[in-house]
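Contents: one structure, followed by commentary.
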Amino acid sequence: MPQTVLFDLDGTLTDPAPGIIGSFRQALVDLGHVPPPFAELGWIIGPALRLSFPKVMGPGSDPEAAVERYRVHYRAGGMYDLTLYPGMMDAVALIGATCEHMFVCTAKPEPYAVPTIERFGYAPHFARVYGAALDGSLDDKADIIAKIIAEQGIDPARTVMIGDRMHDIHAARRHGIATVGVAWGYGGIAELTEAGATAICQSPEDLPALVAGLAP
């Protein structure tokens, strides 16, 4: 197995669509916008919301105001309105039993990511949860990975990043880290392949063997 494995959260460990999309739509309503239908907003899961709101609100919009309204609804219950992907907990346990270090690496703000991991039973498998900062200073996932490398002393050549969006792949590749794109999330196989994922995983049951095969 690789020495270190990094896991994305939203769209990889959990399916957070009801809470994230619901809070996003309500924030738009609060600011006087007509929100797109729920089914058309899967693309907002993964990237920083500061980048997503302007694409819906248009030029001259205030993404900070939208993010603030989003957080009001998200903290009120949206953050726990999610489901676990079937088989993912077992896959995480198997991978964690054979590698040296596992960390969550997510664009979700850390104050929201940590209680989510704890509430839904993933916490015992991870040494630490690394997430974005509320002030936007770590909205680029490559910066989060850089923080993990600096604080944990991990070797990028012996690390694998697992995620469902192109942002996971691009961020890891900037540090020379191999990647597994997961097909059950919100990016899709075409997006992950175009981003340069080292491998594509079709189901959680296939993940431990696929990760093991990427060991240097």
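The values are calculated or read from the model by the stated rules, or taken from the named source; none is laboratory data. Model, not experiment: these values are computed from the prediction. With ideal geometry, Cβ positions are generated from the backbone for all residues, glycine too; neighbour counts draw on all protein chains shown. In case anyone asks, the SASA skips ligands and DNA or RNA and just uses the protein heavy atoms, side chains included. Shrake-Rupley method; radii C 1.70, N 1.55, O 1.52, S 1.80 Å.
Under a GNM of the chain (C-alpha, springs under 10 Å), which listed residue has the highest mean-square fluctuation: Gly11, Gly77, Gly46? So, out of Gly11, Gly77, Gly46, the one fluctuating most is Gly77.
Using square roots of five times the C-alpha gyration tensor eigenvalues, list the equivalent-ellipsoid semi-axes of region 111-165 in whole Å, biggest first. Could you put the intermediate results ahead of the total?
Numbers: eigenvalues 72, 52, 24 Å².
Whole-Å semi-axes of the equivalent ellipsoid: 19, 16, 11.
Test of understanding: extend the Cα→C-beta vector of Phe120 to 7 Å, then name every residue of region 2-22 with backbone N under 12 Å from that spot. From region 2-22, the list is 8-20.
A simple spin-label model places the labels of Lys55 and Gln3 3.6 nm from each other, with each point 7 Å out along Cα-to-Cβ.
Rounded, prolate or oblate for region 75-136? Axes are the square roots of the Cα gyration tensor eigenvalues, ordered a ≥ b ≥ c, and the cut-off for rounded is a/c under 1.5. It comes out oblate by the Cα gyration axes. Heavy-atom accessible surface of Met89, to the nearest 10 Å², is about 50 Å², with a 1.4 Å probe and all protein chains retained.
Among the protein heavy atoms of region 70-130, carbon and sulfur supply 56% of the accessible surface, probe 1.4 Å, non-protein parts ignored. If you average 1/r across every pair of different Cα atoms in region 1-154 and take the reciprocal, what Kirkwood value do you get, in Å? One decimal place: 16.2 Å for the Kirkwood radius. Bridging of Lys55 to aspartates and glutamates at a Cα separation below 14 Å is possible for Glu40, Glu64, once same-chain residues fewer than 8 apart are set aside.
Across the accessible surface of region 162-216, with the other protein chains kept in place and a 1.4 Å probe, carbon and sulfur atoms take up 54 percent.
What whole-number value in Å² describes the accessible area per residue of the chain for a 1.4 Å probe?
Numbers: 8960 Å² over 216 residues.
Here the residues of the chain average 41 Å² of exposed surface.
Using Cα-only point scatterers and the Debye equation, what is log10 of I(q)/I(0) for region 71-216 at each q in 0.08, 0.14, 0.15, 0.22 Å⁻¹, rounded to two decimals? At q = 0.08, 0.14, 0.15, 0.22 Å⁻¹ the computed log10 ratios are -0.21, -0.67, -0.78, -1.75. Taking every protein chain into account, the 1.4 Å probe leaves Arg158 with about 100 Å² of accessible area, to the nearest ten.
Ordered from largest to smallest accessible area (heavy atoms of protein chains, 1.4 Å probe), the residues Glu110, Glu194, Glu40 come out as Glu194, Glu40, Glu110.
Ellipsoid fit via the Cα gyration tensor, region 128-193: semi-axes of 20, 15, 9 Å, each the root of five times an eigenvalue, largest first.
Measuring how big region 59-99 is from its alpha-carbon positions, Rg and Dmax come out at 17.5, 50 Å.
Listed by chain and number, the lysines whose C-alpha is less than 16 Å from the C-alpha of Lys108, apart from same-chain residues fewer than 8 away, are Lys141, Lys147.
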